[in-house]
């Protein structure tokens, strides 16, 4: 039996996911090998394959985990204030700190999803999950009266995520962080003025 990470099964799985996130983000999808992840954890490659049958599966699980961490930050902001709190510079900074990706990773993903239908479908599923989570948060804000009842939660969710993704793309191409941060605050401020009750 291959060498297994010395913690309990779920803890070992999470260590693998965290290391994979770090390596995928730094190196990209193609240049990250399962053997490199195993070496950095001090385990055999076979130990990782006990938890994940392929690099694609590990990548998807890592994205899901990462999305959960980001959702927790959003939830914390909303619980400490209102939907308007996600339009702040502080929120932008915390989301930027959790941002997964580099130009190498995003370029690899565009290339890989163009030829790998299964991975493309999995990534769409992850992105849809992020969108549904934001819709649920917006709907909750509508129930408590923070957001106007007539706001289309799905459209608002897609718009917020599109703004985020577009600004992240600008950062990856070398845009000034303070300019991108200001754009987030200004545009989200306009959005909040229109949707808050």
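The values are calculated or read from the model by the stated rules, or taken from the named source; none is laboratory data. Predicted model only: the values in this text are computed from it and were never measured. Neighbour counts are summed over all protein chains in view; Cβ atoms, including those assigned to glycine, are modelled from backbone coordinates with ideal geometry.
Considering every residue within region 92-104, establish whether at least one is without any contact (Cβ under 8 Å) to a residue 60 or more places away in the chain, closer than 22 Å to residue 138 by Cβ and crowded, with 18+ Cβ neighbours inside 10 Å.
Taking region 92-104 and keeping what is without any contact (Cβ under 8 Å) to a residue 60 or more places away in the chain, we get 94, 97-98.
Add one more test, that the residue is closer than 22 Å to residue 138 by Cβ, and what stays is 94, 98.
From what's left, crowded, with 18+ Cβ neighbours inside 10 Å: none.
Within region 92-104, none of the residues are without any contact (Cβ under 8 Å) to a residue 60 or more places away in the chain, closer than 22 Å to residue 138 by Cβ and crowded, with 18+ Cβ neighbours inside 10 Å.
Is there a residue in region 60-83 that is modelled with pLDDT of 90 or more, buried (at least 17 other Cβ atoms within 10 Å of the Cβ) and under 22 Å from residue 23 (Cα atoms)? No; the residues of region 60-83 include none that is modelled with pLDDT of 90 or more, buried (at least 17 other Cβ atoms within 10 Å of the Cβ) and under 22 Å from residue 23 (Cα atoms). On the given criteria, is residue 112 more than 13 Å from the chain's Cα centre (by Cα), within 28 Å of residue 23 (Cβ to Cβ) and crowded, with 17+ Cβ neighbours inside 10 Å? The answer is yes for residue 112. In the condition set (1) more than 21 Å from residue 188 (Cβ to Cβ); (2) exposed (fewer than 13 other Cβ atoms within 10 Å of the Cβ), residue 107 is compliant with all but (2).
Residue 155 satisfies every condition listed in (1) touching a residue at least 60 places away in the same chain (Cβ under 8 Å); (2) surrounded by fewer than 15 Cβ atoms within 10 Å (Cβ to Cβ); (3) closer than 24 Å to residue 92 by Cβ except (1). As for region 51-59, it holds no residue that is surrounded by fewer than 16 Cβ atoms within 10 Å (Cβ to Cβ) and modelled with pLDDT under 80.
Does residue 126 meet the test of being closer than 22 Å to residue 189 by Cβ and touching a residue at least 12 places away in the same chain (Cβ under 8 Å)? Against the criterion (closer than 22 Å to residue 189 by Cβ and touching a residue at least 12 places away in the same chain (Cβ under 8 Å)), residue 126 does not qualify.
In summary, helices (runs of 4 or more DSSP H) completely within region 87-197 and bearing 3 or more residues that are modelled with pLDDT under 90 and within 24 Å of residue 63 (Cα to Cα) occur at 89-97, 103-115, 117-143, 153-172.
Could you please let me know if residue 78 is over 15 Å from the mean Cα position of the chain (by Cα) and closer than 30 Å to residue 143 by Cβ?
Values: over 15 Å from the mean Cα position of the chain (by Cα): yes; closer than 30 Å to residue 143 by Cβ: yes.
So residue 78 fits the description; yes.
Yes or no: region 124-140 includes at least one residue that is in contact with a helix residue (DSSP H, G or I) (Cβ under 7 Å, 6 or more places away or on another chain) and farther than 21 Å from residue 66 by Cα. Talk me through it step by step, then tell me what you get.
Just the residues of region 124-140 that are in contact with a helix residue (DSSP H, G or I) (Cβ under 7 Å, 6 or more places away or on another chain), to begin with: 126, 129-131, 133-135, 137-139.
Subsequent filtering for residues that are farther than 21 Å from residue 66 by Cα retains 139.
The answer is yes, given that some residue of region 124-140 is in contact with a helix residue (DSSP H, G or I) (Cβ under 7 Å, 6 or more places away or on another chain) and farther than 21 Å from residue 66 by Cα.
For region 17-49, the set of residues classified as buried (at least 18 other Cβ atoms within 10 Å of the Cβ) and part of a loop (DSSP other than H, G, I, E, B) consists of 28, 29, 32, 43, listed by residue number.
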